[in-house]
Amino acid sequence: MFTAGELVVYGGEGVCRVEGVGPSRVPGAEKNRLYYTLSPFWRTGQVLTPVDTRVLMRPILTREEALELISQMGSIEPESPALSSPRAIKEHYQQIVISYDCRRTVGLIRGITAKRRRALEQGKKASQMDERYLKRAEDQLYGELAAALELDFKAVGDYIRRTHPMWPEM
């Protein structure tokens, strides 16, 4: 169980601070059930979720894990779907995004940026779906790295490029 003050990754919210653990005061909520009160790190508001939720919830990367991930970015293979239909591509991207697996997210970012580069070289534009998932993946990854490294969210890209000048196209 997480305790107040801990930083966690929670479902579609990304990095959140656990503000408290206890019964809910929200009308209609089960009174004998424990809930986390979470504050998303990169937006305002609060989230109330049962302690026994099935939604993904894990501790954020440690500083050391974040630095190790950044050091390995150049060797992480780009992710690409096995099939080329729009539906298969979307499912592949979605599975990576909802997994909150940082290594796979790095691979997704690398895969989409390589795909974008190839399209531009052929005089085409990247698909809206690719751009949408690239933004989601970058926001998710940079949000967790920023929290783990105690950086401003907007500084993460530059921080990575100090180690990997060609990030994300390596």
Look through ASP158, ASP139 and report the one residue that is charged (D, E, K, R) and either crowded, with 18+ Cβ neighbours inside 10 Å or under 16 Å from the mean Cα position of the chain (by Cα) (or both).
-> ASP139
Filtering segment 16-44 for residues that are loosely packed, with under 12 Cβ neighbours inside 10 Å and within 22 Å of ALA148 (Cβ to Cβ) leaves a count of 2
Being touching a residue at least 40 places away in the same chain (Cβ under 8 Å) and crowded, with 18+ Cβ neighbours inside 10 Å is the filter; apply it to segment 53-82 and report the residue that is nearest to THR37 (Cα to Cα).
-> MET57
State which residue is surrounded by the fewest Cβ atoms within 10 Å (Cβ to Cβ) when the search covers only segment 92-136 and only residues that are among the aliphatic types (A, V, I, L, M) and in contact with a Leu (Cβ under 6 Å, 6 or more places away or on another chain).
-> ILE96
If you take the residues of segment 142-155 that are surrounded by fewer than 19 Cβ atoms within 10 Å (Cβ to Cβ) and among the acidic types (Asp, Glu), which of them is nearest to LYS115 (Cα to Cα)?
-> ASP152
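Throughout, read-outs are computed from the coordinates displayed, never taken from laboratory work. Owing to the predicted nature of the structure, the values given are computational and were not obtained by experimental measurement. No Cβ is skipped: glycine too gets one built from the backbone with ideal geometry, and neighbour counts run over all protein chains shown.
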